[in-house]
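Below is one structure; the comments refer to it alone.
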Amino acid sequence: MSEALIAAKQISVRFGGLWAIKDVELQVNSGEILGIIGPNGAGKSTFLNVLSGLQRPSAGHLVIGKEETADPKAWRMAKLGIARSFQTIRLIDDMSVLENVLIGTHLYAVKGFLQVVGRSRSWHQTERQLKEGALETLAWLGVGHKAELPVSMLPLQERRRVEIARALMIRPRVLLLDEPCAGLSQQESLALSNLMSGIRTRGVSIVLVEHNVKLVMALADRVVVLDHGQKIAEGTPTEVAHNETVIQAYLGGEVHA
Amino acid sequence: MNLQRLKFWSAILLGLGSVLASLYVQNMYLLNVIILAVISAILAVSVNLLVGYTGQISLGHAGFYGIGAYTVALLTTRWHWSIWLSFLAAFGLSGLMGLVLGLPTTRLRGHFLGIATLGFGVIVNVVLNNWTSLTNGPVGVRGIPAPALFGISLEYKNFFLGFALACLFVIVLLVYLVVNSAVGRAWKCIRRDEIAAQVSGINVYGYKLLAFAFSGGIAGIAGALYAAFMTLVSPETFDLNQSITIVTTTILGGAGTLVGPLLGTGILTLISEWLRNFHELRLVLYGLILVLFIVVMPQGIYPFVKKHVQLWFTPRKVKIQRGSEGRHL
Amino acid sequence: MAEFAQTLVNGLTVGTLYSLVALGLTIIYGVMNLANFAQGEFAMIGGFAAFFLIQAGIPYPLAVVIAFAAAGIIGLIIHLLANYPLRQSEPINMMLSSLGVSLFLVNLAQYLFSPTPQVVESPLSGKSLNFFGIFVSQQRLLIAFVSIVLCVVTYLLLEYTRFGRAVRAASLDPDTAVIYGVPTKKISFLTFVLGVALTGVAGALVAPVYYVYPTMGISLTLKAFVVVVLGGMGNVVGAIAGGLVIGLIESLAGGYISTGFQDAIVFAVLFLVLVFRPEGILTKVQGEKV
Ligand SMILES: Nc1ncnc2c1ncn2[C@@H]1O[C@H](COP(=O)(O)OP(=O)(O)OP(=O)(O)O)[C@@H](O)[C@H]1O
Ligand SMILES: [Mg+2]
């Protein structure tokens with residue numbers, strides 16, 4: 001078994017009287033695509049929020065590499081190499097595509113007061129490199145030609161890509177994607193899933209939350225099924241597809257059909 | 001890219017030019033008005049860092065202004081510090097106060113932050129009024145020495161104007177350099193979407209504190225200039241009205257732009273001077289005009305003008321194209 | 001002991017007044033998302049209305065009623081000119097516009113009525129009751145009584161009428177409220193008028209105790225804001241309770257620490273609350289759905 005990048009230990013999240021996540025134990029390995037599926041309200045987004053430090057777990061903790069934390073801070077998690085996209089895209093509409101993506105370079109930018117104010121050589125150099133890197137990533141994701149446009153002018157699938165580009169700029173080891181294919185056509189979904197394979201090939205693990213079960217089954221190395229906040233199954237796509245509990249609770253006849 | 005450079009250097013030239021030109025202004029009334037306007041502009045630039053770039057409302061900026069002014073007033077008259085050292089202290093102390101105010105309040109949002117910062121302003125004002133043993137209470141502090149620069153006394157108002165303008169331009173330049181860097185990107189992102197900022201590795205709390213400290217420090221410099229110019233300070237200058245004027249100026253001019261606060265100060269100064277002709281009705285009309293401006297151009301004067309000038313110069317065809325594109329999305 | 005009790009009683013009577021002003025402020029905030037910095041100016045309007053009406057020989061109770069109407073009518077005009085056009089833009093703009101309105105009203109009053117404080121005579125002026133050695137002026141009792149009645153009436157109005165349901169719907173979630181057929185435009189207009197009219201009554205009530213002058217509303221606005229933040233923005237019961245708390249704190253601070261620092265202490269308390277109990281009054285940061 002390969003090295004664990006993130007380990008979630010007995011994570012629970014409670015909203016008032018509702019356990020959105022209950023005792024979930026899960027591990028993200030290096031170089032894999034881990035699919036998380038489950039019906040609406042199963043707690044998938046909430047779980048990604050925990051992994052990315054946006055939601056403090058009510059119980060349990062995370063282990064990231066050597067660090068262990070029960071109260072993760074989002075920006076610290078980014079620093080530890082965990083990047084993400086959102087179910088409802090969080091880009092800044094009236095900024096250009098490039099400006100949005102540059103936000104993701106924050107960790108690597110020169111920020112020392114004297115260097116910024118003195119516009120030192122290393123400042124210039126770093127800014128240029130970061131910009132080139134951003135443009136390269138955008139081009140690789142197929143939106144290079146729109147770099148100067150305001151984000152609001154882009155169609156949905158391209159905005160999804162821009163958000164992924166921004167996430168990639170933090171040079172993550174794990175990329176959390178929350179329903180990246182929601183609202184996309186079949187063709188667009190396919191193109192995006194090819195991109196995800198490509199990202200994995202570049203050495204970034206992916207945690208993929210997706211309603212499109214077929215797509216997940218085709219893409220993921222492992223699949224975890226959440227239902228009512230609990231992990232009800234885990235395994236390879238084939239194992240999960242044949243798991244009785246899963247079929248009853250969620251899939252119905254869908255996969256067999 | 002080249003256009004950017006051209007703009008940058010012409011702004012620098014404009015700055016230098018106006019500093020030089022100011023040395024030849026002789027009319028006392030004009031000098032008074034312009035120097036106070038320059039100080040207001042520094043305040044507007046300062047609050048713009050918070051309101052415009054970082055999206056944090058401050059309704060207590062007169063507090064920093066007052067702290068800066070009193071730092072200079074007290075250090076020079078009581079402890080006989082040199083004026084320049086006291087300027088530095090004003091910057092440092094106001095910046096520190098910004099940090100201190102930011103520590104508890106940066107977790108607040110919107111109107112809560114507004115009221116909390118307003119409270120800060122009120123508290124500073126009350127302290128200036130009532131800590132009589134230190135601040136001399138409502139009477140204020142007199143006899144602040146005029147600074148001298150390269151052996152030239154800034155007692156001469158035209159020299160003081162030159163100096164104040166130079167301060168303004170240095171501050172605007174600093175703000176420009178910082179805002180157009182990763183720090184500025186982080187601030188702008190925080191203003192629009194804190195969650196997006198966090199997951200991009202931006203320490204939102206830290207950057208808000210930085211904005212508070214930087215903004216407080218700059219307002220402190222404005223206070224220092226005010227003290228040195230007036231040679232006397234009293235609490236009534238640093239009241240709620242002042243705080244509100246500072247924010248209003250910035251937002252009216254166009255928050256989140258470099259030019260907006262400067263333009264806002266210019267226009268409001270002109271209006272306010274013109275309204276002197278109306279004597280007692282002056283502030284009545286001022287209030288009216290304020291409401292009018294906000295209702296007509298809520299996004300601020302500078303963005304409003306910019307948009308219309310751009311539309312003016314855009315060929316009709318492109319306009320239609322753009323329009324349809326907008327609808328499509 | 002008697003002195004302490006006296007301070008408490010004074011604090012509570014002033015507190016009811018703050019509750020009343022804060023009540024208006026908080027329903028306006030709830031429905032319109034407007035931090036109305038001109039709120040206190042309507043107390044000034046109510047106060048001057050009472051002053052002129054009494055001079056004209058109108059009996060005090062009627063003057064109070066007319067003050068309510070006058071504040072409401074001026075509120076209506078201001079809503080149409082300064083709030084309504086900004087309903088679509090960022091909340092901060094409407095707030096700035098209310099600052100402009102405040103400046104306008106205060107200075108107009110100074111121009112028209114001069115800055116000198118005016119004495120308003122009410123039938124209860126100068127009379128006071130003695131409860132076991134604690135003196136309470138009858139006018140203060142009247143303030144407390146009318147404020148409490150108005151707070152209760154407003155609460156019942158919000159809780160048990162169609163209008164109230166619409167107001168609550170509009171303040172919880174304006175977008176959804178529109179979908180369910182709540183006429184949010186009309187509701188926000190009515191709320192604003194009601195909110196400022198209540199403050200107009202407050203002005204007419206305090207006039208005989210504190211005089212009437214153009215800038216009288218400013219400190220009232222600030223106090224009301226502190227109350228509203230303490231009680232939770234848009235929270236009616238919180239505003240009423242918060243008013244009493246602030247009245248008490250202020251009175252105790254004035255009595256036992258220093259009248260000069262009174263305002264600073266009120267705001268310092270606000271600060272402490274914001275720092276140590278942000279969860280009670282903070283907009284939910286964690287709760288934001290991502
Ligand atoms: N901030 C919150 N406060 C209260 N309840 C919440 C919050 N966020 C989520 N929930 C609840 O927690 C449960 C899990 O929500 P979550 O968004 O994680 O589900 P999901 O699996 O992502 O669903 P979907 O497929 O619709 O995206 C739901 O019942 C939701 O209503
Ligand atoms: Mg979800």
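The values are calculated or read from the model by the stated rules, or taken from the named source; none is laboratory data. Computed from a prediction, not measured in an experiment: that's the story for all the values here. For neighbour counting, all protein chains shown are included, and Cβ atoms are generated from backbone atoms with ideal geometry for every residue, glycine included. Surface areas here come from the heavy atoms of the whole protein model, side chains and all, with no ligands, DNA or RNA. Shrake-Rupley method; radii C 1.70, N 1.55, O 1.52, S 1.80 Å.
The share of alpha-carbon pairs in region B:21-298 lying farther apart than 37 Å comes to 10%. Buried accessible surface for the A/B pair, both sides summed and rounded to the nearest 100, is 2500 Å² with a 1.4 Å probe.
Average projected area of the Cα convex hull of the protein assembly as shown, in nm²? Intermediate values should be presented prior to the final figure.
Numbers: hull surface 169.1 nm².
Mean projected area of the Cα convex hull: 42.3 nm².
Here the label points at A:GLN115 and B:LYS307, each 7 Å from Cα along the C-beta direction, are separated by 3.8 nm in the simple model. For region C:107-201, the Kirkwood estimate of hydrodynamic radius, built from reciprocal distances between every pair of different alpha carbons, is 16.8 Å.
In this structure the amide hydrogen of A:ASN29, modeled in the peptide plane, comes within under 5 Å of the amide hydrogens of A:LEU5, none closer than 5 places in sequence on its chain.
Taking the 1.4 Å solvent-accessible surface of chain C as the whole, the part contributed by carbon and sulfur is 68%. Per residue, chain C exposes an accessible area of 43 Å² to a 1.4 Å probe, with every protein chain left in place. The string of couplings for region A:29-38 from the Karplus curve (6.51, -1.76, 1.60, θ = phi - 60°) is 9, 6, x, 10, 10, 9, x, 10, 10, x Hz, one whole number per residue in order, with x for Gly and Pro. Backbone N atoms of region B:140-172 closer than 15 Å to the 7 Å Cα→Cβ label point of B:LEU20 belong to residues B:162, B:166.
Rank-order B:162-168, A:96-102 by packing density, defined as the average count of other C-beta atoms within 10 Å over each peptide's residues, highest first.
Values: B:162-168: 22.1, A:96-102: 23.9.
Packing proxy ranking, top to bottom: A:96-102, B:162-168.
Over all pairs of different C-alpha atoms, chain C has a mean inverse distance whose reciprocal, the Kirkwood radius, equals 19.4 Å. Fully extending the segment from C:VAL65 to C:SER219, taken as 0.36 nm per residue of separation minus the present Cα-Cα distance, adds 53.1 nm. Extents of chain A, taken as max minus min of Cα coordinates on every principal axis and listed largest first, are 63, 41, 37 Å. Taking accessible area as the heavy-atom solvent-accessible surface of the protein chains with a 1.4 Å probe, which residues of region B:108-145 lose no less than 30 Å² upon going from the isolated chain to the full protein assembly? In region B:108-145, residues shielded by partner chains: B:LEU108, B:ARG109, B:HIS111, B:PHE112, B:ILE115, B:ALA116, B:LEU118, B:VAL122, B:ILE123, B:VAL126, B:ASN130. Of the listed residues C:GLU121, B:GLU236, the order by accessible area with a 1.4 Å probe, largest first, is B:GLU236, C:GLU121. Label points 7 Å out from Cα along the Cβ direction at C:PHE132 and B:SER133: separation in nm? The modelled label-to-label distance comes out at 4.0 nm. Mind listing, in residue-number order, the residues in region B:287-313 that have at least 10 Å² less accessible area with every protein chain present than in their own chain alone (1.4 Å probe)? Buried-area filter returns B:GLY287, B:LEU288, B:LEU290, B:VAL291, B:ILE294, B:VAL295, B:PRO298.
Between A:GLN186 and A:ASP71, the simple label model (points 7 Å from Cα in the Cβ direction) yields a spacing of 5.0 nm.
Would you tell me the mean number of C-beta atoms belonging to other protein chains that fall within 10 Å of each C-beta in C:83-93, as a whole number?
Numbers: counts 2, 1, 5, 4, 0, 1, 5, 4, 4, 11, 7.
Shielding by partners across C:83-93 averages 4.
Rounded to the nearest 500, the helix-only mean residue ellipticity at 222 nm of chain C stands at -25000 deg cm²/dmol, with each DSSP H run of n ≥ 4 adding -39,500 (n - 2.57). Kindly express, to the nearest 10 degrees and within the range 0 to 90, the angle between helix C:60-78's C-alpha long axis and the longest C-alpha principal axis of chain C. Compared with the principal axis, the helix lies near 30 degrees. Amide H contacts for A:ILE206 (H built 1.01 Å from N in the peptide plane; partners 5 or more residues away or on another chain; cut-off under 5 Å): A:GLU32, A:ILE33, A:LEU34, A:LEU175.
State in Å² the accessible area per residue of chain A; use a 1.4 Å probe, count heavy atoms of protein chains only, and round to the nearest integer. Write down the numbers at each step before the final one.
Values: 11140 Å² over 257 residues.
In whole numbers, chain A has 43 Å² accessible per residue.
Think of region A:94-171 as having a plus end and a minus end, set by charges on the Cβ of Lys, Arg, Asp and Glu; of A:LEU149, A:GLN125, A:MET95, A:GLN125 sits farthest toward the positive end of this dipole.
Quick check: at a probe of 1.4 Å, how many percent of the accessible area of chain A sits on carbon and sulfur atoms? Roughly 50 percent, rounded to a whole number. Heavy-atom accessible area, probed at 1.4 angstrom with all protein chains present, ranks B:PHE169, C:PHE131, B:PHE87 as C:PHE131, B:PHE169, B:PHE87, highest first. Counting only protein heavy atoms and a probe of 1.4 Å, the accessible surface of chain B is 68% carbon and sulfur. With respect to chain B, whose longest principal axis is taken over its alpha-carbon atoms, helix B:204-230 is tilted by about 50°. Think of a 1.4 Å ball rolled over the protein heavy atoms: region B:21-298 then has 35 Å² of accessible area per residue.
Can you work out the FRET efficiency for the pair A:ASP93 and B:ILE271, with r the C-beta to C-beta distance and R0 = 25 Å, to the nearest 0.05?
The value I calculate is 0.15.
Once the convex hull of the C-alpha atoms of region B:273-316 is built, how many Å³ does it hold per residue, rounded to a whole number? Please report the intermediate quantities before stating the final value.
Numbers: hull volume 3.9 nm³, N = 44.
Cα-based convex hull of region B:273-316, divided per residue, equals 88 Å³.
The residues of region B:185-200 occluded by other protein chains by 10 Å² or more of accessible area, set against the chain on its own, are B:ARG185, B:LYS188, B:CYS189, B:ARG191, B:ARG192, B:ASP193, B:ILE195, B:ALA196, B:GLN198, B:VAL199, B:SER200; surface from heavy atoms, 1.4 Å probe.
When the alpha-carbon atoms of region C:47-167 are used, the pair Rg, Dmax equals 18.6, 56 angstrom.
A full extension of the chain between A:SER152 and A:GLU136 corresponds to an added length of 3.7 nm, given 0.36 nm per residue minus the alpha carbon distance. Close amide H partners of A:ILE21, meaning residues 5 or more places away or on another chain with modelled amide H under 5 Å apart, are A:VAL13.
Over the residues of chain B, the helix contribution to mean residue ellipticity at 222 nm works out to -25000 deg cm²/dmol, using -39500 (n - 2.57) for each DSSP H run of at least 4.
Roughly how much accessible area, to the nearest 100 Å², goes out of reach of solvent when C and A pair up, both sides summed, probe 1.4 Å? Display every interim value, and only then the final one.
Details: alone 14640 and 12520 Å², together 26700 Å².
That pair of chains buries around 500 Å² in total.
Could you calculate the contour length gain from C:ASP173 to C:LYS186, that is, 0.36 nm times the residue separation minus the distance between their Cα atoms, to one decimal place in nm?
Additional length available on full extension: 3.1 nm.
Normalised by the number of residues in chain B, the mean separation of alpha-carbon contacts (under 8 Å, six or more apart) gives a relative contact order of 30 percent. Computing FRET efficiency as 1/(1 + (r/R0)^6) for C:VAL153 and B:TRP84, where r is the C-beta to C-beta distance and R0 is 60 Å, gives about 0.45. Given a 1.4 Å probe and the protein chains as shown, C:VAL152 ends up with an accessible area of around 80 Å².
Compute for chains B and C the buried accessible surface, both sides summed, probe 1.4 Å, and express it in Å² to the nearest 100. Each step should come with its number before you reach the end.
On the way: alone 17670 and 14640 Å², together 28550 Å².
Chain pair B/C: roughly 3800 Å² of buried accessible area.
Rounded to the nearest 500, the 222 nm mean residue ellipticity of chain A from helices alone is -10000 deg cm²/dmol, with -39,500 (n - 2.57) taken per DSSP H run of at least 4 residues.
Helix C:262-276 axis versus longest C-alpha principal axis of chain C: approximately 40°, rounded to the nearest ten. Annotation: A:THR88 carries an accessible surface of approximately 90 Å², with a 1.4 Å probe and no ligand, DNA or RNA atoms counted. When both bridge partners sit in region A:140-257, DSSP labels roughly 50% of those beta bridges antiparallel. Computed on protein heavy atoms with a 1.4 Å probe, the accessible areas place C:LEU103, C:LEU274 in the order C:LEU103, C:LEU274, largest first.
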